[in-house]
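**Q** First the structure, which I've put down as structure tokens, then a few questions once you've had a look.
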Amino acid sequence: MAMQMLSKDLSFSAITAGLVAVIVGYASAIAIVFQAAQAAGATDAMMSSWVLALGLGMGILGFSLSWYYKMPIVIAWSTPGAALMATSLAGQRLSDVIGAFVFVALLTIIVGVSGWFSKLMAKIPMSIAGAMLGGVLLNFGVDAFGAAGSQPVLVGAMFFSFLIAKRLLPRYAVIVLLMVGIGGAYYLGLMQSEGVELTLAQPVWVTPTLDWSVIIGIGLPLFVVTMTAQNMPGVAVLKTNGYDAPVSKVITGCGVASLVLSPFGGYTFNLAAITAALCMSEDAHPNKQKRYVAGLACGVFNILVALAGGTIIALLASFPKEMVSCLAGLALLSAISSSISTAVSEVQYREAAMITFLVTISGVQFFGIASAFWGIVAGIISHLIFNYRKAN
């Protein structure tokens, strides 16, 4: 029965949405993960193991959750967490770093089982959540057109093909965008494919050790950054697109996956925001109930990337950054417009939502915590003050 349902719900556009999500996720952030692994003293074999662990965790967990709950639940690694580690791991023993990963995994499980994060997110108005998501996504849209400054022919070809496809074949607009991007980059000689060789990733176990200075100095900031800069926008994507996901169970699953895969380099898992938005847009499927197929596809492609290891990473690294920026920005166009529409839809929240939006896009950080969190804080405080003023 379940397989019959899947066969009816399968669509090329949803599968492509999952593929684009994986391409955008890896091509735009894998270099930061490599920097973090190198800062921790990982060898080439260990870095390949990190890719294997992260890809398997994202793929298996995302596929399982999307299948069970029949909604596109996309799991990602913590990119802000990787950026944090890239600047703070130098001089630390790798085994102590792995121990900090295990600590973060245990904290994540506790947060998921307790349900406090889910309760907190349930109290955030949809308009403010949409404003935060819009602020997170906006730069991707801006970068899509900013890329025209260095590659006007490639970006122009992608832009106009996207417009034409959106008009004539709206369900396949992202597919056309991807194909034109790859074809254009190849035709213009922008593909750097010399280093692409067939290699399979191998797991490398590192026994974790506990050093409280590393746990406090790296583990706690990694946990805070992941919860605020990744899981908060991830929940906002789900809410904005009308999916009532079991957040506590998903967070718990991310913690368990991190606990199992930490010794191999799977440093943390969380709800995706950017790539999830790609899988939840109307471009994936007009019917919201059938977009879970995009989550399944994203999971499958993540697993394939994990197993292929260095080959796929080298292939993705061969794409010019302008192509990736244009692909991400235009593919997220529906998600950006939807989140901004949600942000201004209710008059009583409109000013607070715009404050959330502006703080989020400002990129301001305090105590190492990303602007997405401070945008939510500023928006909620503003809303409470505005309501108090009107009530008195």
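**Q** Could you point to the residue in W77, P152, F63 farthest towards the positive end of region 2-338's charge dipole, with +1 and -1 charges on the Cβ of Lys/Arg and Asp/Glu respectively?
**A** Value computed over the given set: F63.
**Q** A further question on this structure: log10 I(q)/I(0), Debye, Cα-only the chain, no solvent, q = 0.10, 0.14 Å⁻¹?
**A** Log10 I(q)/I(0), no solvent term: -0.63, -1.26.
**Q** A further question follows. What does the highest-first list of 47-60, 89-102 look like by mean Cβ count within 10 Å? Walk me through the numbers before you get to the answer.
**A** Numbers: 47-60: 24.8, 89-102: 20.4.
In decreasing order of mean packing, 47-60, 89-102 become 47-60, 89-102.
**Q** OK, next. May I ask for the net charge around G112, where only other residues with Cβ less than 14 Å from the Cβ of G112 are counted and Lys, Arg are +1 while Asp, Glu are -1?
**A** Overall, the nearby charge balance is +2.
**Q** Ok, one more. What whole-number distance in Å separates the alpha-carbon centres of region 46-108 and region 270-298?
**A** Centre-to-centre distance over Cα atoms comes out at 21 Å.
**Q** Quickly estimate the mean residue ellipticity at 222 nm for the chain, helices only: each DSSP H run with n ≥ 4 gives -39500 (n - 2.57), and the total goes over all residues, rounded to 500.
**A** -22000 deg cm²/dmol
**Q** Per residue of region 173-189, what does 6.51 cos²θ - 1.76 cosθ + 1.60 with θ = phi - 60° give for ³J(HN,Hα)? Whole Hz please, x for Gly and Pro, Karplus curve as stated.
**A** Here the 3J(HN,Hα) series is 4, 5, 4, 4, 4, 5, 5, 5, x, 5, x, x, 5, 5, 5, 7, x Hz.
**Q** Check F269: other-chain or 5+ apart residues with amide H under 5 Å from its amide H, H built from backbone geometry?
**A** The answer is S258.
**Q** Count the lysine pairs in the chain that are 8 or more places apart or on different chains: how many have C-alpha atoms under 23 angstrom apart?
**A** Within the chain, the lysine pair count is 20.
**Q** Calculate, for V153 and E282, the FRET efficiency according to 1/(1 + (r/R0)^6) with r their C-beta to C-beta distance and R0 41 Å; round to the nearest 0.05.
**A** The computed FRET efficiency comes out at 0.90.
**Q** Kindly state, to the nearest 0.05, the FRET efficiency for F145 paired with W212, given R0 = 41 Å and r defined as their beta-carbon distance.
**A** 0.30
**Q** Expressed in nm to one decimal, what extension gain is obtained for the pair L220 and K249 from 0.36 nm per residue of sequence separation less their Cα-Cα distance?
**A** 8.3 nm
**Q** If you scale each eigenvalue of the Cα gyration tensor by 5 and take the root, what three semi-axes come out for region 142-274, rounded to whole angstrom and sorted largest first? Could the numbers behind the result be given before it?
**A** Working: eigenvalues 285, 109, 46 Å².
Sorted largest first and rounded, they come to 38, 23, 15 Å.
**Q** Hey, what D do you get for region 1-155 in µm²/s if you plug the Kirkwood alpha-carbon radius into Stokes-Einstein at 20 °C and 1.002 mPa s?
**A** For the chosen part, D equals 114 µm²/s.
**Q** Restricting to Cα atoms and excluding each atom paired with itself, what does the Kirkwood estimate give for region 216-372 in Å?
**A** Working: mean 1/r = 0.0563 Å⁻¹.
Value: 17.8 Å, from the Cα pair sum.
**Q** A further question follows. What percent of all Cα-Cα pairs in region 92-194 falls into each 10 Å bin, going from 0 up to the bin containing the maximum distance?
**A** Percent of Cα pairs in each bin: 12, 22, 21, 20, 23, 2.
**Q** So how much slack lies between L163 and I385, counting 0.36 nm per residue of separation and subtracting their Cα-Cα distance, in nm?
**A** Computed gain between L163 and I385 is 75.6 nm.
We did not get these values from a lab; they are worked out from the coordinates using the rules stated. None of the values given here were measured: they were computed from a predicted structure. Cβ sites come from the backbone with ideal geometry, for glycine too, and all protein chains shown count toward neighbours.
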